[in-house]
Amino acid sequence: MPSLFGLHHQAPHERVLIASDEATGLRTLIAVHNTARGPGFGGCRFWAYENDLAALHDAQRLSQGMSYKNALANLPFGGGKAVIVKPKGDFDREALFAAFARAVDSLQGAYITAEDVGTTTADMRVVQRHTAYVSGIPREGAFGGDPSPKTAWGVFVSIQAGAQAVLGRSDLHGLTVAIQGLGAVGWHLAEFLQQAGARLMVADIDPAKTAKAQERFGATVVGVDQILSAPADMLAPCALGASLNAATIPTLQAKLVCGAANNQLALPSDGQLLAERGIAYLPDYLVNAGGIISVAREYRGEGEEQAVMAEVSRIAERVTELLARIKVSGRTPAAEADAWAQSLLVRA
């Protein structure tokens, strides 16, 4: 059972705000994991959770991942994340996100929000009308907007770096990549991979998306229950978390796992299971940092397209460094990345 104060065997979260608004149906949890490096920064997820404890656990896991992600990306922010429990039945979306914005504003800058699964730039525009602590919004005459292409680019350059180090390939031409999930990030990733000459296998709960991928990229469509075990060189989980677990890991055929989904490992021990199977796992919070780099630069008013893309591209250098580190430490990539990130959770 989840603890109110944080994840098991981990330091407690600094703060978890539970807020509701009867008029709009808002039920939200905002988890601030660690602010040693600065205010907690991470997106807002809008999802139909099984129950309130599942929403709490998701917020806690996601916010810890943001602490690690922001630290490895060398951003002056800590880890935070919000989840909104999707109301049942009809609701006024604009009013709901206005109420969410007021909850964010009540934290007085301890948490800064942006898009995540289920939320859009339009939602963030609503939030912006009620609080300054938001990013991921198109800005006239300045850098900003949807961060999903930057997230996808970071994963793409990480796949390139991983293919070179693990598969001995200088390019992706002819390699097969299985993509689980064709949301905003998964779709952009598919575009980058297809342009690089990779063969694609795709799965999504929306058949219209897979049909479009088949037409646009010549992708092979497989079922959502088959994509993890597909005969591919690389696997890119780009859906929801916990897809890599004791049941699925024994079925994997890919030699490299590198995707955009947060919290891909159901348990920390699953990193060891992957290593025992000889599967190289590039931790999600290392490779999918392109989005937070984008919204962080936007929020600080210091971004422009070319410079931000160059910064996102440097994620590949950290992938190479991680793979060099594990040769010295003997740890799994997941354990080494955790240790590396934890060492950076200190005040400047």
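The values are calculated or read from the model by the stated rules, or taken from the named source; none is laboratory data. Just so it is clear, the structure is predicted and the values come from calculations on it, not from any experiment. Cβ placement follows ideal geometry from the backbone for every residue including glycine, while neighbour counts extend to all protein chains displayed. When the accessible area is computed, the model is the full protein with side chains, heavy atoms only, and any ligands, DNA or RNA have been set aside. Shrake-Rupley method; radii C 1.70, N 1.55, O 1.52, S 1.80 Å.
Can you tell me the 0 to 90 degree angle between the C-alpha axis of helix 333-343 and the longest principal axis of the chain, rounded to 10?
Its long axis makes an angle of about 40 degrees.
Keeping every protein chain in place, order HIS188, HIS33, HIS130 by accessible area at 1.4 Å, biggest value first, i.e. largest first.
These residues rank, largest area first, as HIS130, HIS188, HIS33.
In square nanometres, what is one fourth of the surface area of the convex hull spanned by the alpha carbons of region 88-198? Please report the intermediate quantities before stating the final value.
Values: hull surface 39.5 nm².
Taking the Cα atoms of region 88-198, their convex hull projects to 9.9 nm² on average.
Separation between the LYS88 and ASP225 pseudo-spin-labels, each 7 Å from Cα along Cα→Cβ, expressed in nm?
2.6 nm
Ignoring everything but the protein chains, give the 1.4 Å probe accessible area of LYS255 in square angstrom, nearest 10.
Rounded to the nearest 10, the figure is 110 Å².
Taking springs between alpha-carbon atoms closer than 10 angstrom, which of ALA236, ALA165, ALA289 fluctuates most in the Gaussian network model of the chain?
ALA165
Under a 1.4 angstrom probe, counting protein chains only, how are TYR111, TYR285 ranked by accessible area, largest first?
The ranking, largest first, comes out as TYR285, TYR111.
So for the chain, if I pair up every lysine 8 or more residues apart or on another chain, how many of those pairs have alpha-carbons under 20 Å apart?
4
Would you tell me the accessible area of THR210, worked out with a 1.4 angstrom probe on the heavy atoms of the protein chains, in Å² to the nearest 10?
10 Å²
With every protein chain left in place and a probe of 1.4 Å, what is the accessible surface of LEU167, to the nearest 10 Å²?
Here the residue's solvent-accessible area equals roughly 50 Å².
Evaluate the distance, in nm, between pseudo-label points positioned 7 Å from the Cα of ARG216 and of GLN342 along their respective Cα→Cβ axes.
If labels sit at ARG216 and GLN342, their model points lie 4.1 nm apart.
Counting just the Cα atoms, what span does region 1-76 cover along each of its three principal axes? Round to the nearest Å and put the largest first.
Principal axes ranked by extent give 39, 26, 18 Å for the Cα atoms.
Taking the C-alpha atoms of region 10-168, how large are the radius of gyration and the largest Cα-Cα span, Dmax, in Å?
Considering region 10-168 through its Cα atoms, Rg and Dmax are 16.3, 58 Å.
Which percent of Cα-Cα pairs in region 220-334 sits in each 5 Å bin, short to long?
With 5 Å bins starting at 0, P(r) equals 2, 11, 19, 21, 17, 13, 9, 6, 2, 0.
Across every pair of different alpha-carbon atoms, what Kirkwood hydrodynamic radius in Å does the chain reach?
Evaluated over the chain, this radius sits at 20.2 Å.
For region 141-202, count all C-alpha to C-alpha pairs, find those more than 16 Å apart, and express that count as a whole percent of the total.
Numbers: 842 of 1891 pairs.
When all Cα pairs of region 141-202 are counted, 45 percent exceed 16 Å.
Mind listing the phi-derived Karplus ³J(HN,Hα) values for region 278-292, rounded to whole Hz, using 6.51, -1.76 and 1.60 with θ = phi - 60°, and x for any glycine or proline?
x, 9, 7, 10, 9, x, 4, 6, 7, 8, 9, 7, x, x, 5
Taking the inverse of the average 1/r across all pairs of different Cα atoms in region 163-298, what Kirkwood radius in Å do you get? If you can, show how the numbers build up before the last one.
Numbers: mean 1/r = 0.0667 Å⁻¹.
This gives a value of 15.0 Å.
Considering only ASP204, ASP233, ASP21, give the residue with the highest GNM mean-square fluctuation for the chain, with springs between Cα atoms whenever their separation is below 10 Å.
Greatest mean-square fluctuation among the candidates belongs to ASP21.
Pairs of Cα atoms under 8 Å, at least six residues apart: use those to get the relative contact order of the chain, whole percent.
Relative contact order here is 16 percent.
Under a 5 Å amide H to amide H cut-off, with H placed in plane at 1.01 Å, what residues pair with THR176 once short-range neighbours are removed?
ARG199, ASP233, MET234
222 nm [θ] for the chain, helices only, -39500 (n - 2.57) per DSSP H run of 4+, per residue, to 500?
-12500 deg cm²/dmol
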